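Structure in structure tokens, see below.
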Amino acid sequence: NAHGLRVDGCAGPLAGPVVACAVIMPAGARAIAGVNDSKRLVARERERLAGLIRARAVAFALGAASVHEIDQLNIYKASVLAMRRALRRLAVPPDHVIVDGTPIRTLGVPHTAVVGGDGRCYNVACASIIAKVTRDRLMRALARRHPGYGWERNMGYGTPVHLEGLSGHGATVHHRR
């Protein structure tokens, strides 16, 4: 029984943490219709599917690495840290994990790496959806505390609105250096 592991926010955003999700879906159960790479789904559909995934999952857990950790370690090492945190929090320890991307020497569990895994592997897609929904909710909450950067829409990515906010207001503690 392979378990999916996926990180959101690991490349591109100028602000916010990196969030990882580890999920174990029941073996042999019918797949949830519509589950796909989280980037290919609209926000409303991701939210709906995240609820179904949480309800059906044998176990799921989240892990994150803060902006401070990203700045100290680099984005790759911070992403691996978030993955390890998610894996440690799983109620059911995995024997093998499928990760999105390339092999991770320091992951600490046996795994198979699948490039583009969130579009090719059901469990990874489920993890991708929960990670993205979680990070997006966090960025919307941060947007209420730090208006002017458009985080409620751009989720911390470097859009023109975000860049204008940086130019006008400067960086917040939630910006990556």
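In nm, to one decimal, how far is the GLU45 label point from the HIS96 one, both placed 7 Å along Cα→Cβ?
Between GLU45 and HIS96, the simple spin-label model gives 3.1 nm.
Run the 1.4 Å probe and let me know the accessible area of ASP71, rounded to the nearest 10 Å².
70
Give, rounded to the nearest 20 debye, the magnitude of the charge dipole that segment 49-129 has about its Cα centre when Lys and Arg contribute +1 at Cβ and Asp and Glu contribute -1 at Cβ.
Numbers: 9 positive and 5 negative charges, 39 e Å.
So the dipole magnitude of segment 49-129 works out to roughly 180 debye.
Relative contact order, percent, of the chain when contacts are C-alpha pairs under 8 Å separated by at least 6 residues? Working shown, then result.
Working: 362 pairs, mean separation 55.9, N = 177.
Worked out over the chain, it gives 32 percent.
Right, something else. Over segment 125-177, with every protein chain in place, what whole percent of the accessible area is carbon and sulfur at 1.4 Å, could you tell me?
Details: 1480 of 2630 Å².
Ligands and nucleic acids excluded, carbon and sulfur reach 56 percent.
Just reorder LYS132, LYS39 by solvent-accessible area, largest first, 1.4 Å probe, all chains present. It would help to have the intermediate numbers written out before the result.
Numbers: LYS132 25, LYS39 125 Å².
In descending accessible area the options line up as LYS39, LYS132.
Now, a different point. What distance in nm lies between label points placed 7 Å from Cα along the C-beta direction at THR159 and ALA171?
About 2.2 nm, to one decimal.
Okay, moving on. Indicate, rounded to the nearest 5 percent, the antiparallel portion of the DSSP beta bridges found entirely in the chain.
Numbers: 13 of 20 bridges.
About 65 percent, rounded to the nearest 5.
Starting from 0.36 nm per residue, how many nanometres of slack lie between ARG54 and LEU73 once their C-alpha separation is accounted for?
3.8 nm
The values are calculated or read from the model by the stated rules, or taken from the named source; none is laboratory data. Remember, it's a predicted structure, so these values are computed and weren't measured experimentally. Every residue, glycine among them, receives a Cβ derived from its backbone with ideal geometry; neighbour counts consider all protein chains shown. Calculation scope for accessible area: heavy atoms of the full protein, side chains included, ligands and nucleic acids excluded. Shrake-Rupley method; radii C 1.70, N 1.55, O 1.52, S 1.80 Å.
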